Amino acid sequence: MPAKESIAALPTLKKAPPLAQIEISNPSDFARPDEPIYVSYYDLGLTSKEALSVFSADVELPSQAVDIDYDGTVDGLYFVVDLNNSTPVSITIENTPVSVKPVDKVKRVQADLAHKVAGQWHPHSRPLNTK
């Protein structure tokens, strides 16, 4: 009788534990769709600026690393979440492995900032770094 071939199990990727778990409640009596939430890297205990993903019930939320103090390095993470007026929302923040392809996200805004000086439009610029 011929020997049966065994199929070697493929290695499974273990999911790293979440970096943070947050519960957000709406203090108002009305719903707050697309509520912007900011979490600093300092509050997350991060010293390096890692790529992060934000999830609610296993659905990735739109998020973006931001430079709040205009010093040229990102300081934290903004994300948007729908808050209704009764149920808290559980949020999970995870490190995003470099090998993970970014999720295609729908463009939600377009902005063009400019100043009108003496009747002429001039592009907006960031404040000068005074440090």
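The values are calculated or read from the model by the stated rules, or taken from the named source; none is laboratory data. All values derive from a computational prediction rather than experimental measurement. As a convention, Cβ positions derive from the backbone with ideal geometry for all residues, glycine included, and neighbour counts pool all protein chains shown. Calculation scope for accessible area: heavy atoms of the full protein, side chains included, ligands and nucleic acids excluded. Shrake-Rupley method; radii C 1.70, N 1.55, O 1.52, S 1.80 Å.
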Checklist entry - Identify, please: which residue in region 112-128 is open to solvent by less than 100 Å² (accessible area, probe 1.4 Å) and modelled with pLDDT under 75 and is, among those, farthest from residue 44 (Cα to Cα)? => result 124
Checklist entry - So which residues in region 81-102 are modelled with pLDDT of 80 or more, closer than 17 Å to residue 52 by Cβ and part of a loop (DSSP other than H, G, I, E, B)? => result 96
Checklist entry - Counting only residues that are among the hydroxyl-bearing types (Ser, Thr, Tyr) and not in a loop (DSSP other than H, G, I, E, B), which one in region 42-80 is most open to solvent (accessible area, probe 1.4 Å)? => result 78
Next on the checklist: Looking at the structure I just gave you, is residue 105 open to solvent by 90 Å² or more (accessible area, probe 1.4 Å), modelled with pLDDT under 80 and under 13 Å from the mean Cα position of the chain (by Cα)?
Outcome noted: yes
